[in-house]
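Structure record follows, encoded as C-alpha cells.
Read-outs: derived from the displayed coordinates by stated rules, not from any lab. Being a predicted model, the structure only gives us computed values, none of them experimental. FYI the Cβ positions are ideal-geometry reconstructions off the backbone, even for glycines, and counts take in every protein chain you see.
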Amino acid sequence: MNPSAPSGAGAALAGRERRPICELPDELVSQIAAGEVIERPASVVRELLDNALDAGARQVTVRLMAGGVRLISVEDDGIGIAREEMALALRRHATSKITSLQDLEAVQTMGFRGEALAAVASVSETSLLSRTADAAHAWALDARSGELRAAARAVGTTVQVKELFFSTPARRKFLKSDATELAHCVEAVRRHALVRPQTGFEIWHDGRLIEQWRATTESDQRIADVLGEDFITHSVPVDHPLPDTAHPAGARVPLRVTGRVGTPEAARSRADHQYAYVNGRHVRDRVLMHAARSAYDDVLHGQRQPAYVLMIGIDPARVDVNVHPTKIEVRFRESQDVHQAVRRAIESALAAPRLGQASASAATVAPAQDAVAVTRAGAAPWLAPTPSQASLGLQVRDLQTLWNPSSAPAAAQPPAPVGPAGGTSGAHALPAGDWPLGRAIAQLQGIYILAENAQGLVVVDMHAAHERIVYERLKQQLGQAAIASQPLLIPATFAATPEEVATTEAHADTLAQLGLEITAFSQRTLAVRSVPISLAQGDAVELARSVLAELAQHEASDVIARAHNALLSTMACHGAVRANRQLTLQEMDALLRQMEDTERSDQCNHGRPTWRQISLRELDALFWRGR
Ligand code: ADP
Ligand code: MG
C-alpha cells in the first residue's frame, strides 16, 4: 500500500469526518452475505444440492459450464415451489424449513437460514423453474427482472445460475482455472452423494456426462461407486451403536457411528478421503477429525492420512449446526463423549484381524452387516481363544526377555515354543486349508514364512508379525501400570528452562508412572535419576526433555497412554524374533495361529504390513496357466 495515497475510507477516518448512518440496500446486504457463503462455484453447487435434497429429490442432475463459472444448473424431482412462493424463495431470510427457535434446535433439513438463494442471486444471473404436484404447468422466474411466466417442466425444480460473480469482478479474480473449479464442484456433489445412496446423481460438464451415481439401497455400493472399489477392499465397516442403556448413569450421549474406515493400506499422503457427516450433513469438524486420526495412532505412523467415511447419528438437540455460515462446522454439547465414542468405534473396527477377509476377492462389495457379524460375534473360529494359545510359554519368557534386554541369548528365543498341547489341541483341529493364514510350509531367507491356505500362498514377514504380537500382548498385560524403572549410577543433570522445572514439579506422579525420576538440582538444573529399564541405554537427558515438552502441551493421561505405547513398541521391537533365525515348521505354525488371534496383526507397530496373500489365480497368471 502506498501511504501517500490514502483510500477514501482511510481519508474519512483520518479526517474524522462524520458520515450519517444509513441502512444498507437489500441487494448489498445479500452481496455481503454472499461473501461468507459463496466463495466459488462449488459453494453454489453445495447450496443448490442441499435444497434439492431437502425437497426430497430422488434424482439430481448438475450441469456445469466452464467449471461452473459460466453456468451451474441443478435439476431435481422434488416437491417443487408453488407459483406464489417463487419470488419469496429468492428473498433473504425467507424459508419453509423453520418457523421458530424450537424448530431450529431440532432442525433436520440441510438448510434453515433462508439466505442461500438470495445470496446466489445477488452475485449471478439466477432463474428458477419449478412445478409442484398440483400445478397444471411449471413457472419460470427471472431473479433480476422479476418476470414470472408459464413454462414446461415435470414436477420438481431447476435452479440456473449464470455468470457467477459477474457483478463483483474482484471476487471473480480469485477463481482458479476451470479445471480446478470443476474439481471442487465434483467434490461438492461427492460429499452429498456419499450419504444419499437412495438419490441418483449425474454431473455434466460442457455437455459431457462426467459422473453418474445410480440410486441404490446399499450404502457400501454408493461408497464403492464414489470412492472406488479399492476403498471398499481396503476398508472395514464401522457400526457402533451406543444405546442409552449401556451407560446407566446417562453420562454418555446416545450416538451411532456407521460407515467405513480405511485400513492402513488405504492411507494417503493427503487428507482428501476423509468424509464425516453429522445427521447426514457433511462437516469438517475438529473434534471428529482428531478423534479419527487418534484412532489410527497405533496402526498408522508418520504423516500418512487415513481414509474414511463416517456417519454420526446424534440427537439434533445435542449438536448446534448454527455456528458457521456454511454449516461446515458444528458444535457438540458433549464433545468429549463424542470424541471418545468415535475413536472407540474406529479403533474396534480396525482392531479385528482381517485375515481371510482381506484375501477374499477384491472386486466384490461385502455387505457391511455380515462383515460386522463375523468380526464381532467371534463366530469366526480364529477369533475364539483356544486353550493352546493361553498355555503357550511365549508370554512369560518374552516378557522376561523384554524387561531385561541385556540378557542377549534370551533375546533370540523362538517366538513360540510349542508345548505338547500347542501341537495337538485347538490349533490343528481345523484342516490346514481352513486357517486364514494356512499352514507353514517353509521359511525363506530367514525373513519370510511361506504358508499354504485355501486361496493359495501366504507370505509373512516374521519379525514384523511377531513384533505386533508381542506389542499387543504387552499392552494387554501391563495395562496402565507403572513402567519399571532403573536408577542411573550417575544422575544425568542438564540446564533446564523455568518451564521444564515447573513441569517436573507439577507432574512428579506422572513421571513416576512413566518410569522417570527427575528432580530439581537447582532453580536452573534438573537431574534425571531413573529411567525406564528398557531405555537405560539411551540418552536420558533427551528422553527427559521430550517427555517434559509433551507434558507441558498435552493432558497427562494422554502422554502416559502414548508414552506407554511408544515404550512398549520399542520393547516389542527388541523382543521380537530377529531375522535369520531358523524356525521349525511347528514354531512357524504357532506364530501364524497367534497372528490370527491378535488384534491389529495385519500391520506391525510401524504400520508396515505383516503378511500378504498371493492367490492361486495370481500364481497361475505368472505361469500362463489356464489360458
Ligand atoms: P433455506 O434452504 O435455508 O430455506 P434457501 O435460500 O436455500 O434457504 O431456499 C429458500 C426456500 O426456497 C427454501 O426454504 C425452499 O422452500 C425453497 N426452495 C429452494 N430450492 C428448492 C428446491 N430445489 N425445491 C423445492 N423448494 C426449494
Ligand atoms: Mg438452502
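Before moving on, here are some points about what is shown:
- Filtered residue count, segment 309-329, keeping only those that are outside any strand (DSSP E or B) and either within 17 Å of residue 254 (Cβ to Cβ) or touching a Ser or Thr at 6+ places or on another chain (Cβ under 8 Å) (or both): 5
- Segment 61-78, subset crowded, with 23+ Cβ neighbours inside 10 Å and part of a helix (DSSP H, G or I), residue nearest to ligand 1 (Cβ to nearest atom): 68
- A single entry from 183, 188 fulfils the requirement of being under 38 Å from the mean Cα position of the chain (by Cα) and surrounded by 21 or more Cβ atoms within 10 Å (Cβ to Cβ): 188.
- Search result, residues across segment 37-60 that are more than 14 Å from ligand 2 (Cβ to nearest atom) and assigned to a helix (DSSP H, G or I): 41, 42
- Criterion (touching a residue at least 60 places away in the same chain (Cβ under 8 Å), away from ligand 1 (no atom under 11 Å from the Cβ), buried (at least 16 other Cβ atoms within 10 Å of the Cβ) and among the charged types (D, E, K, R)) met by exactly one of 58, 92, 83: 83
- Out of 525, 584, 570, 598, one residue alone is farther than 30 Å from residue 510 by Cβ and of a type outside the set (A, V, I, L, M, F, W, C). It is 584.
- Segment 76-95, subset under 34 Å from the mean Cα position of the chain (by Cα) and within 16 Å of ligand 2 (Cβ to nearest atom), residue nearest to residue 200 (Cα to Cα): 76
- Just one of the listed residues (117, 104) is out of contact with any Asp or Glu (no Cβ under 7 Å at 6 or more places or on another chain) and crowded, with 17+ Cβ neighbours inside 10 Å, namely 117.
- Against the list (1) away from ligand 2 (no atom under 16 Å from the Cβ); (2) over 32 Å from the mean Cα position of the chain (by Cα); (3) in contact (Cβ under 8 Å) with a residue 24 or more places away in the chain, the condition residue 101 fails is (3).
- Filter result (surrounded by fewer than 21 Cβ atoms within 10 Å (Cβ to Cβ), more than 17 Å from residue 559 (Cβ to Cβ), of a type in the set (Gly, Ala, Ser) and out of contact with any strand residue (DSSP E or B) (no Cβ under 8 Å at 6 or more places or on another chain)) within segment 495-542: 522
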